[in-house]
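Worksheet: one structure, shown below.
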Amino acid sequence: MKIVKSIRDMQSYMFHLKKSGKSIGFVPTMGYLHEGHQQLMTKAREENDIVVTSIFVNPLQFGPNEDYERYPRDEVHDTNIAEKEQVDILFYPHVNEMYPKDQTIKMTVHQRVNVLCGQSRPGHFDGVVTILAKLFNIVYPDYVYFGMKDAQQVAVVDALVQDYNFPVQLRPIATVREQDGLAKSSRNVNLSNQERNEAPYIYQALLHGQELIREGEHDAQGIIQEVSHFIHTHTHGKIDYVDLLSYPDLERVNQLHEQVILAVAVYFKHARLIDNVVLDQDGSFATAIV
């Protein structure tokens, strides 16, 4: 595995690979790699000649009340994981390499961000699209891989690719789950034993909402209320949100006549868990972003 820390070196190396006709799969991360990242790398390895992973804790994604300095970092661990997953190139730039001076031009996301997790993190997705635009122009990927656990981020990346005509195809990958259905997350270790036993009901609540749609229920508010009631009944968690929106546009719907996302966020004592399902209007799992 080749480790590159310079933008100039990375661009030169990737240019020659592209010129030789190699297909390039790209997994952008902020490091502290886990099984979700590994699944993305595995999929990229299956579909491409060259797999590139970037590790960069992007300061532009952090709000004033979010501690950028305390974000977990472990270069040795991440390097070992990348090697295990047969990553060809690990791009590991320093913050001064990516942002050598204040930006003259700033990117702002106007849609798909004022709902779900984005409503409590103003400016977060501005930072996401900024760093991705830079990375796309450094790595020259053919395919980029993101997990559907953060479906709002996938929707924003989809808009970035479409609006700015980046020659890259977005590959959304299904959420990695424990055997009991709980979405895998580094935050799960912060759950008490009782909370860990209750947490799988978050996904069960989403499946309950899916079943309502399959049975013919198309009233969005009714489905939201049923899913909320299911969570209240089966857990001691505090609901941050339960929402049903069009996908990937993330706009309000009253009646289901299109692809939608049913998404939840639940607070436990020391962990906030998110999960979602993306569904076609008949309630079946969606197989593609439309």
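The values are calculated or read from the model by the stated rules, or taken from the named source; none is laboratory data. Source: prediction; values computed, not measured. Heads up, the Cβs are rebuilt from the backbone with ideal geometry, glycines too, and the neighbour counts pull from every protein chain shown.
What residue, among those in segment 182-196 that are touching a residue at least 40 places away in the same chain (Cβ under 8 Å) and in a helix (DSSP H, G or I), is surrounded by the most Cβ atoms within 10 Å (Cβ to Cβ)?
Among residues in segment 182-196 that are touching a residue at least 40 places away in the same chain (Cβ under 8 Å) and in a helix (DSSP H, G or I), the one surrounded by the most Cβ atoms within 10 Å (Cβ to Cβ) is Glu195.
How many residues does segment 166-178 contain that are at pLDDT 95 or above and more than 24 Å from Pro248 (Cα to Cα)?
Residues flagged as at pLDDT 95 or above and more than 24 Å from Pro248 (Cα to Cα) within segment 166-178 amount to 0.
Provide a single number: the residues in segment 203-244 that are of a type in the set (D, E, K, R) and in a helix (DSSP H, G or I).
3
Filtering segment 113-149 down to residues that are of a type in the set (D, E, K, R) and modelled with pLDDT of 95 or more, which residue is farthest from Leu40 (Cα to Cα)?
Ranking the candidates gives Asp126 first.
Please find, within segment 116-142, the residue that is nearest to Phe166 (Cα to Cα) out of those that are of a type in the set (D, E, K, R) and assigned to a loop (DSSP other than H, G, I, E, B).
Result: Asp142.
Identify all residues within segment 74-105 that are exposed (fewer than 14 other Cβ atoms within 10 Å of the Cβ), under 23 Å from Phe62 (Cβ atoms) and over 22 Å from the mean Cα position of the chain (by Cα); write none if there are none.
Hits for segment 74-105 are His94, Asn96, Pro100, Lys101, Asp102, Gln103, Thr104, Ile105.
Which of the residues spanning segment 179-214 are of a type in the set (Ser, Thr, Tyr), touching a Leu at 6+ places or on another chain (Cβ under 8 Å) and modelled with pLDDT of 95 or more?
Result: Tyr203, single match.
Could you look through segment 42-69, keep only residues that are without any contact (Cβ under 8 Å) to a residue 60 or more places away in the chain and within 23 Å of Ala183 (Cβ to Cβ), and pick out the one that is surrounded by the fewest Cβ atoms within 10 Å (Cβ to Cβ)?
Glu46
In the set Glu211, Glu258, which member is more than 21 Å from the chain's Cα centre (by Cα), surrounded by fewer than 16 Cβ atoms within 10 Å (Cβ to Cβ) and either under 30 Å from Phe136 (Cα atoms) or touching a residue at least 60 places away in the same chain (Cβ under 8 Å) (or both)?
Glu211
One residue is enough: does segment 252-262 have a residue meeting the conditions modelled with pLDDT of 95 or more, among the acidic types (Asp, Glu) and either out of contact with any Asp or Glu (no Cβ under 8 Å at 6 or more places or on another chain) or in a helix (DSSP H, G or I) (or both)?
Within segment 252-262 (the criterion being modelled with pLDDT of 95 or more, among the acidic types (Asp, Glu) and either out of contact with any Asp or Glu (no Cβ under 8 Å at 6 or more places or on another chain) or in a helix (DSSP H, G or I) (or both)), the answer is no, since none of the residues qualifies.
Could you give me the residue pairs with C-beta distances under 8 Å whose first residue belongs to segment 107-122 and is in contact (Cβ under 8 Å) with a residue 12 or more places away in the chain, whose second residue is among the small types (Gly, Ala, Ser) and part of a loop (DSSP other than H, G, I, E, B) wherever it lies, and which are 6+ apart or on separate chains?
From residues that are in contact (Cβ under 8 Å) with a residue 12 or more places away in the chain, the pairs are Arg121/Gly63; Pro122/Gly63.
Among the candidates Asp142, Asp158, which residue alone is in contact (Cβ under 8 Å) with a residue 40 or more places away in the chain, more than 23 Å from Asp67 (Cα to Cα), assigned by TED's automatic domain parsing to the domain that holds Ser20 and in contact with a Gly (Cβ under 9 Å, 6 or more places away or on another chain)?
Result of the check over Asp142, Asp158: Asp142.
Each row is one residue, and each column tells you yes or no for (1) modelled with pLDDT under 95; (2) in the same structural domain as Phe166 (by TED's automatic domain parsing); (3) touching a Ser or Thr at 6+ places or on another chain (Cβ under 8 Å).
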{"site": "Lys18", "(1), (2), (3)": "yes, yes, no"}
{"site": "Tyr32", "(1), (2), (3)": "yes, yes, yes"}
{"site": "Thr53", "(1), (2), (3)": "no, yes, yes"}
{"site": "Asn80", "(1), (2), (3)": "no, yes, no"}
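Can you find a residue in segment 186-204 that is out of contact with any Gly (no Cβ under 8 Å at 6 or more places or on another chain) and under 22 Å from Ala288 (Cα atoms)?
No, segment 186-204 contains no residue that is out of contact with any Gly (no Cβ under 8 Å at 6 or more places or on another chain) and under 22 Å from Ala288 (Cα atoms).
Looking for whichever is hydrophobic (A, V, I, L, M, F, W, C), crowded, with 16+ Cβ neighbours inside 10 Å and in contact (Cβ under 8 Å) with a residue 12 or more places away in the chain here; the options are Ala174, Ala199. Which one fits?
Residue meeting the stated conditions: Ala199.
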